[in-house]
Amino acid sequence: KANPAKTTATIGERFEYTITVPATATNAPLYDVRILDALPPNLRFVSARVVTGGAWQLSSSVTSTLLTIEDTVTGIDILANGQAKIAIMVELLNSPPDQGGVFFKNSASYTYNRANGVNGTQLAGGGNTTASMTVTEPDLTAAKTASFVSPVGKPAADPATVGDILEYR
């Protein structure tokens, strides 16, 4: 599992992690691969897409903070000496513990079957945890100015009186 090419994420931002299965190609095929992504509580799953390795119809389910990605129709089958790359889009939530400077990580693992379609042959694949990312908060500033539209030329420092027309920016 790899972070995007950045070390920070801003609250409300969407970004992608990339999961490579297996991390190092093996000389045996992997059948019915299921990716298990342990999302930290500050991330919300948005979508998943195949980057390379196949043309599967990905489906996802989220239980608490465990995201499962699989192809429920044909299974994610990876040929011997092959790899699949799946991009997971998430959104950094605005929750009380997520303040600027807080670090978070994300982990993923996978399971696979040794025999196609035979769940009794399921094994645990590898897993990985990303490097830490730092939460940043949006940096917003606001300024307001007022000026008199009527009477024309009245200094902004003068108090407004009944009948004055003000413009706020």
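Of the residues GLY126, GLY117, GLY153, the one that moves most in a GNM of the chain with alpha-carbon contacts below 10 Å is GLY153.
Over the range 51-169, calculate the relative contact order: mean separation of alpha carbon pairs under 8 Å at least 6 apart, over the residue count, as a percent.
17
The orientation-averaged shadow of the Cα convex hull for the range 14-107, equal to a quarter of the hull surface, comes to 6.4 nm². The lysines within cross-link reach of LYS154, meaning a Cα-to-Cα straight distance under 24 Å and a gap of 8 or more places when in the same chain, are LYS144.
How much accessible area per residue does the range 109-169 have, in Å², with a 1.4 Å probe? List each step's numbers first, then the result.
Values: 4340 Å² over 61 residues.
Each residue of the range 109-169 exposes 71 Å² on average to a 1.4 Å probe.
Remark: the chain carries a charge dipole of roughly 300 debye about the Cα centre, counting +1 on each Lys and Arg Cβ and -1 on each Asp and Glu Cβ.
Within the accessible surface of the chain, defined with a 1.4 Å probe on protein heavy atoms only, the carbon and sulfur portion equals 55 percent. The mean accessible area for residues of the range 2-64, using a 1.4 Å probe and ignoring ligands and nucleic acids, is 51 Å² per residue. Comparing mean-square fluctuations of VAL51, VAL149, VAL33 from a GNM of the chain with C-alpha springs under 10 Å, the top value falls on VAL149. By the rule of a C-alpha distance below 30 Å, with chain neighbours fewer than 8 residues away ignored, the lysines paired with LYS105 are LYS1, LYS6, LYS85.
In summary, the convex hull built on the alpha carbon positions of the chain has an orientation-averaged projected area of 15.4 nm².
The values are calculated or read from the model by the stated rules, or taken from the named source; none is laboratory data. All of these numbers come straight from a predicted model, not from anything done at the bench. Here the Cβ is made from the backbone with ideal geometry for all residues, glycine too, and neighbour counts use every protein chain on show. Heads up: the accessible areas ignore ligands, DNA and RNA and are worked out on the full protein's heavy atoms, side chains in. Shrake-Rupley method; radii C 1.70, N 1.55, O 1.52, S 1.80 Å.
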